[in-house]
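Scroll down for the structure; my scribbles are underneath it.
The values are calculated or read from the model by the stated rules, or taken from the named source; none is laboratory data. As the structure is a computational prediction, the values presented were derived from the model and not from experiment. Reconstructed Cβ throughout: ideal geometry from the backbone, glycine too, with neighbour counts over all protein chains shown.
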Amino acid sequence: MIQIKKNISLAPLTSFKIGGPAKYFLEAKNADEVIEGLKWAKKNKIKYFVLGGGSNILISDEGFNGLVIKVQPAKIFFKNLSGVISAGTSLAQLVGASIKDGLTGLEWAAGIPGTLGGAIYGNTGAMGHSISESVEKIKVLRNSALINLKNKDIKFAYRKSIFQKNKDVILEIELKLQKGDREEIKKLIKENLLKRSLSQPHYPSAGCVFKNLSPRLTSLGLAKLLEKYPELENFKKSGVVSAGWLIEKCGLKGKQIGQAQISEKHANFIVNLGNAKAKDVIALINLVKKTVKNKFDFDLKEEIQYVDFK
């Protein structure tokens, strides 16, 4: 029998430390409890939201007027080069398990907060890699039925997956990795963690706010941009322009509204200086989008997910 709690604060459960309470809240211990929670929501005609590690999301100041399902337990099972991992497993736990088994392919994920389920939802990536590279199959709950999806069914793209458009609940993921040298894996992870520590802020945040962009998207044209900003040559090779670079060039680093601030360390991060409100973050996001549009004619798109905004 599941236990539905009421008026549970969501801010402590997110990496941003922002957001109001959940009207109803369920800590699901297994897939059966997730199913039972979804049936309860349907029976009572209320909306639901599945919460993973709480990264890459911004919850409204009013909270969530429905049922929040928090998937708790982590399950990791590796056999040879394949692993079966529950959606509630943190990326930190997953990377640690891959080191133990001498498996390579996830070093880029070291230091990234959140769960594997959340990483699948947004096709999380870093260091030129993304989680989609390692996914074989995913078990999901769709309309109370358990089904298996192959990688091609998930329609992965840059920071995108099919789960952003449907209501499937991710339960379990099968990953395929490669055999590697344990010491080399540890060395690469240490290097990645150092890079992340030097370039990213230590205040609470939701990670990168905006997606990077292709230079082809600007009406100014890449040639004109290169003439004005020679350093764009660095992005020409990768085919994308860093959103953080654009924001920094607009002079917005350090811009603050309330207790929310565009990070002075990395312009694609908005940080919570202590008591930031979601409305402050939204105001900064709107300011960034308007300023970048005016200066570069780029339309920035959010990478973070909004939860229960009117």
Problem - Flag if L226 is surrounded by 12 or more Cβ atoms within 10 Å (Cβ to Cβ), among the hydrophobic types (A, V, I, L, M, F, W, C) and either over 19 Å from A109 (Cβ atoms) or modelled with pLDDT of 95 or more (or both) - result: yes
Practice task
Of the conditions (1) surrounded by 24 or more Cβ atoms within 10 Å (Cβ to Cβ); (2) of a type outside the set (D, E, K, R); (3) within 11 Å of the chain's Cα centre (by Cα), A109 clears all except one; give me its number.
Solution key: (3)
Completion exercise
Those residues of segment 135-171 which are of a type in the set (D, E) and more than 30 Å from V240 (Cα to Cα) amount to D168
Exercise for the section: Taking the options S263, S242, name whichever one is buried (at least 18 other Cβ atoms within 10 Å of the Cβ) and either at pLDDT 90 or above or among the β-branched types (V, I, T) (or both). Expected result: S263
Problem - Boolean, S132 is in the same structural domain as A87 (by TED's automatic domain parsing), under 23 Å from S242 (Cα atoms), part of a helix (DSSP H, G or I) and out of contact with any Cys (no Cβ under 7 Å at 6 or more places or on another chain) - result: yes
Completion exercise
L58 meets each of (1) at pLDDT below 95; (2) not assigned by TED's automatic domain parsing to the domain that holds R159 with one exception, condition (1)
Fill in the blank from the handout: Checking I35, I46 in turn, the sole residue that is under 22 Å from A119 (Cα atoms) and either of a type in the set (K, R) or outside any strand (DSSP E or B) (or both) turns out to be I35
Handout entry: Restricting segment 121-178 to residues that are among the hydroxyl-bearing types (S, T, Y) and crowded, with 19+ Cβ neighbours inside 10 Å, the residue that is nearest to L81 (Cα to Cα)
Key = S134
Handout entry: Residues within segment 77-102 that are over 24 Å from S197 (Cα atoms) and in contact (Cβ under 8 Å) with a residue 24 or more places away in the chain, tallied
Key = 10
